[in-house]
Amino acid sequence: MNKLLKITSIFLLVLNFGLVFSKNLKTNPIQNDTAHINIRQYKPLFKQEYTDKEFIYENKSSEKNIWDKFINWLHELFGGSNHNQHSVLNYATIDVILRILSIILIIFVVYMIVKSFLNKEAQWIFGKNSEQKVIQQEMFTQNIHEIDFEKLIQKAIKNKSNRLTIRYYYLWLLQTLSDQKLIEWDKEKTNSDYIYELKSTKHKNDFSYLSYLYNNIWYGEFQITDYTYEQAIHTFKKALKEFKNE
């Protein structure tokens, strides 16, 4: 009996709700939307206004330069093809190694240039021989003090070897300076070394000028005139006489 009463009560509540909802529909009907709608039209060819690079948001892959291609080749050479994660060397490692090697190579080249310059043998860089070694190692197999330069000079003059004559005069000058204890002769020394050893300012100036004459005549790639040749011989003879009287 109680169960029947509960069912009847629920039915009456549902029926009452339906009647109320129906009444509300009649009293509050749905209103039609009468608002004015403005339809906007696209400009003709409007897409062309957005073709500048500022409106391109896609990231384009940059083209590989020669360096990148070279690294890629090395990467594949060491087993890095097909993007193998277990390859011996990856791109970053190869790039770092090559850059380090490039820096080392540059440092080595600079070192060799500086060393060559300091050794007074930079002719292949500057095109001048002003600081060539005074004595070539293959020139003499004996001590400079044992050489008779007067005899060699007479022979060179007879053969009309003007350059060789001046060379012998210069070596004779070194022999004289060494005999007078003004310098300490060594076949590995340069003009600058001897100038540094000379104590007197006058000696330094005289020797510097004679070295200049010798370098230009012996190493110079030009034909010396008779006047230049005679003047050089006169200057060397005068200097030899002065240094022998020291």
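Taking every residue in region 184-197 that is within 13 Å of Ser211 (Cα to Cα) and pairing it with any residue that is at pLDDT 90 or above and crowded, with 18+ Cβ neighbours inside 10 Å, at least 6 positions away or on another chain, the pairs with Cβ-Cβ distances below 7 Å are Asn191/Ser211; Tyr194/Ile183; Tyr194/Phe207; Ile195/Phe207.
Quick one: how many residues across region 219-246 are outside any helix (DSSP H, G or I) and hydrophobic (A, V, I, L, M, F, W, C)?
Going residue by residue through region 219-246, those that are outside any helix (DSSP H, G or I) are 220-225, 245-246.
Narrowing the set further to residues that are hydrophobic (A, V, I, L, M, F, W, C) leaves 222, 224.
Going through region 219-246 one residue at a time, the tally reaches 2.
Scanning region 96-119 for residues that are within 30 Å of Glu230 (Cβ to Cβ) and modelled with pLDDT under 70 turns up nothing.
The values are calculated or read from the model by the stated rules, or taken from the named source; none is laboratory data. Predicted model, so just to flag it, every value in this text is computed and none were measured. Cβ coordinates were reconstructed from backbone atoms using ideal geometry, including for glycine residues, and neighbour counts include every protein chain displayed.
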